[in-house]
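Q: I'd like to ask some things about the structure below.
The values are calculated or read from the model by the stated rules, or taken from the named source; none is laboratory data. In this text the structure is predicted, and so the values were computed from the model without any measurement. Here the Cβ positions follow ideal geometry from the backbone for every residue, glycine too, while neighbour counts run over all protein chains shown.
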Amino acid sequence: MSANNLDFRLDVQGKLQAHFIPLGLCYNFNFNEMCDSRDVESGKFTSEAGVYCIRNKLNNACYFGETGQSKGLSGRLGTWKRKLRQCNADRTLRPPNQKLQADWDLYGENNFEFLVIEFGVKWSEYFVRKERETELVNAHTDAGFIVYNYSDIERTAPFCRITDRDRILGNTSPYFKPYLERLKESPLRKAIVAEGNIYLSIEEASQYLGSTRRNIRGKIARGNYRYATQEEILQEKNRRLIPGNQAVLNPQNRRSKGIPRPVSINGQIYESASAAERTTGITVQNISQSINRGREGWFYIDEGQRPARKQQKGFKRRVVARGKLYESMSAAARDTKLTTSDIQNRINRNAEGFYFPDDTISPDKNIFPDQE
């Protein structure tokens, strides 16, 4: 075997580590520069799936990751390096990892190295890669080194939607267990007081009030709702600990879809407006408008025929434009070359020669000499 063969070097490394680690004579744990699988000629990383490490040379702090993307380790490590450089140049950008980015900005790019730990067909399965990543993280943490993946002191529970809570809490994978309890107390959630109840998050209020989160935030901004105080939050949490208590006091559940109302259209009865739409091709909106206007033969079965409304559309109203009487706004628009909106605006501004003669007395008695 040649020293240029990566598998050979990894095999030698493993045997040396197995011998010296129990004696306390080995400084590296599970990885070192020998794991770098760059192509000798091109200098590029492999494009296969695998496990990688981003290491701070000065303090041996590491970030461990895995990837199965189409471009493999080459694509993932290239993305990491590009994002770290971009966030260093523009501090307004959100870094992919805040602690890693802080050290990158402090110590400089030259003090970091990108290493490939595992790669090949064996690592094509996600759970195999994730198990190896977790193994490396735990080993590095147990050795007393910094792990950029998380800090037990600084890490906050990941955010999740209330609707996903049961599924997430059912995740018993080893790398997720430590955060299950903190997941319930995410600092990203803000308790609010709405409709006399205390909700521990806007998402929870959205579910029980039947309103969108955007509407709820709008009501908070307008003062209809407000954020809960720490005392109110503590009181609500203690109340929910009592067996038999509901999650929310007097919850207002989301409205259910309406019960279908049979409609009659020209003597034909349909079980709902939607059914009528499918048969006649007339939209539900038009059906509803016809019923509301009291159109003859269009009504809800449980309500009966509504009285007909006065039809306003097409109603002609006499108007004076530029001192001349017209039978309608449209006739005035055609003759004066003005739009109906222009004529209406001039009437609203009390412009000279523009008004409705039926609403007021003409300012000029001789304006219509043919009618005297």
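Q: What number goes with the only condition from (1) polar (S, T, N, Q); (2) surrounded by 11 or more Cβ atoms within 10 Å (Cβ to Cβ); (3) at pLDDT below 85 that Gln311 does not pass?
A: (2) is the only condition that Gln311 fails.
Q: Right, next: Being within 17 Å of Cys53 (Cα to Cα) and in a helix (DSSP H, G or I) is the filter here, so list the residues in the range 103-131 that pass it.
A: Asp103, Trp104, Glu109, Asn110, Asn111, Trp123, Tyr126, Val128, Arg129, Lys130, Glu131
Q: OK, next. Please specify each residue of the range 74-114 satisfying the condition of being hydrophobic (A, V, I, L, M, F, W, C) and without any contact (Cβ under 8 Å) to a residue 40 or more places away in the chain.
A: As a first pass, look at the range 74-114 and keep what is hydrophobic (A, V, I, L, M, F, W, C): 77, 80, 84, 87, 89, 93, 100, 102, 104, 106, 112, 114.
Matches in the range 74-114: Leu77, Trp80, Leu84, Cys87, Ala89, Leu93, Ala102, Trp104, Leu106.
Q: Based on what the data block shows, is Val284 among the aliphatic types (A, V, I, L, M), at negative phi and touching a helix residue (DSSP H, G or I) at 6+ places or on another chain (Cβ under 7 Å)?
A: On the way: among the aliphatic types (A, V, I, L, M): yes; at negative phi: yes; touching a helix residue (DSSP H, G or I) at 6+ places or on another chain (Cβ under 7 Å): yes.
Here the answer is yes, as Val284 does meet what is asked.
Q: Now, a different point. Being part of a loop (DSSP other than H, G, I, E, B) and either more than 19 Å from the chain's Cα centre (by Cα) or at pLDDT below 80 (or both) is the filter here; which residues of the range 178-190 pass it? Steps first, answer last, please.
A: If we filter the range 178-190 for residues that are part of a loop (DSSP other than H, G, I, E, B), which is where we start, we get 184-190.
Within the range 178-190, Lys184, Glu185, Ser186, Pro187, Leu188, Arg189 meet the criteria.
Q: Moving to a separate point now. Any idea how many residues of the range 72-98 are buried (at least 16 other Cβ atoms within 10 Å of the Cβ) and more than 24 Å from the chain's Cα centre (by Cα)?
A: Summing the residues that are buried (at least 16 other Cβ atoms within 10 Å of the Cβ) and more than 24 Å from the chain's Cα centre (by Cα) in the range 72-98 gives 7.
Q: Moving on. Can you name the condition, by its number, that Lys130 falls short on among (1) among the basic types (Lys, Arg); (2) out of contact with any helix residue (DSSP H, G or I) (no Cβ under 7 Å at 6 or more places or on another chain); (3) crowded, with 20+ Cβ neighbours inside 10 Å?
A: (3)
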